[in-house]
Amino acid sequence: MNTQRLIEALEEVVRDRTPTFINPKGDKKLMQAHYLLAKLYGREEDLRKAHAHLREATQEFLKMCRNYILRYGYVPKSSEEKIKKQERKTERRLARYKSELLRIADEIGYDALIISWIPTSRNLSKIEKL
């Protein structure tokens, strides 16, 4: 019963946070709600819904990574160290999200190849340009 209430609450979050337009930056809370729903539906053995929510979580994660990779252009020397520190922090956070998505994909039998190819570092942004 608790699981059902949690699913209903997360579905409400997804309905509230799903924009009527495409958000190019991605939405962290929407991504988290989707991957938690994927995990819960996987436990309930409703793989169709679990895969659908993981696919949506992956799309939000991809938007977040693209936004991060394309964020900075010219960086003045005075701000360089501060920005590098912030970048390392962001890369660690994105890597944690990626590992969580991969773990859930493994639990529910989802093909995680697309997730594994999403770059979480600006150093890998050259791959997208090819």
Worksheet item: Quick one: which of Leu94, Leu101 is in contact (Cβ under 8 Å) with a residue 60 or more places away in the chain, in a helix (DSSP H, G or I) and within 12 Å of Thr120 (Cβ to Cβ)?
Response: Leu101
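Residues checked against (1) under 19 Å from Arg93 (Cβ atoms); (2) touching a Leu at 6+ places or on another chain (Cβ under 6 Å):
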{"site": "Arg15", "(1), (2)": "no, no"}
{"site": "Lys29", "(1), (2)": "yes, no"}
{"site": "Ala38", "(1), (2)": "no, yes"}
{"site": "Gly42", "(1), (2)": "no, no"}
{"site": "Ala50", "(1), (2)": "no, no"}
{"site": "His53", "(1), (2)": "no, yes"}
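Condition test on Leu101, is it of a type outside the set (D, E, K, R), at pLDDT 85 or above, in contact with a Ser or Thr (Cβ under 9 Å, 6 or more places away or on another chain) and surrounded by 13 or more Cβ atoms within 10 Å (Cβ to Cβ)? Write out each step before concluding.
Values: of a type outside the set (D, E, K, R): yes; at pLDDT 85 or above: yes; in contact with a Ser or Thr (Cβ under 9 Å, 6 or more places away or on another chain): yes; surrounded by 13 or more Cβ atoms within 10 Å (Cβ to Cβ): yes.
Yes: the conditions hold for Leu101.
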Practice prompt. Name the single residue, out of those in the stretch 9-30 being within 15 Å of Lys49 (Cα to Cα) and among the hydrophobic types (A, V, I, L, M, F, W, C), that is farthest from the chain's Cα centre (by Cα).
Written response: Leu10
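Yes/no matrix, rows are residues, columns are (1) buried (at least 18 other Cβ atoms within 10 Å of the Cβ); (2) not small (Gly, Ala, Ser):
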position	(1), (2)
Leu6	no, yes
Arg15	no, yes
Asp27	no, yes
Tyr35	yes, yes
Asp46	no, yes
Ala52	no, no
Glu56	yes, yes
Arg71	no, yes
Worksheet item: Can you spot a residue in the stretch 67-79 that is modelled with pLDDT of 80 or more, more than 12 Å from the chain's Cα centre (by Cα) and over 21 Å from Asn23 (Cα atoms)?
Response: no
Discussion item. Taking the criterion of being modelled with pLDDT of 85 or more, within 30 Å of Gln4 (Cβ to Cβ) and among the aromatic types (Phe, Trp, Tyr), would at least one residue in the stretch 112-120 satisfy it?
Written reply: no
Worksheet item: In this structure, is Ala38 farther than 29 Å from Arg122 by Cβ and modelled with pLDDT of 90 or more?
Response: no
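How many of the residues in the stretch 15-31 are assigned to a helix (DSSP H, G or I) and without any contact (Cβ under 8 Å) to a residue 24 or more places away in the chain?
Quick first cut of the stretch 15-31, residues assigned to a helix (DSSP H, G or I) only: 15-17, 28-31.
Those left that are additionally without any contact (Cβ under 8 Å) to a residue 24 or more places away in the chain: 15-17, 29.
Residues meeting the conditions: 4.
The values are calculated or read from the model by the stated rules, or taken from the named source; none is laboratory data. Remember, it's a predicted structure, so these values are computed and weren't measured experimentally. In this analysis, Cβ positions are derived from the backbone assuming ideal geometry, glycine residues included, and neighbour counts consider all displayed protein chains.
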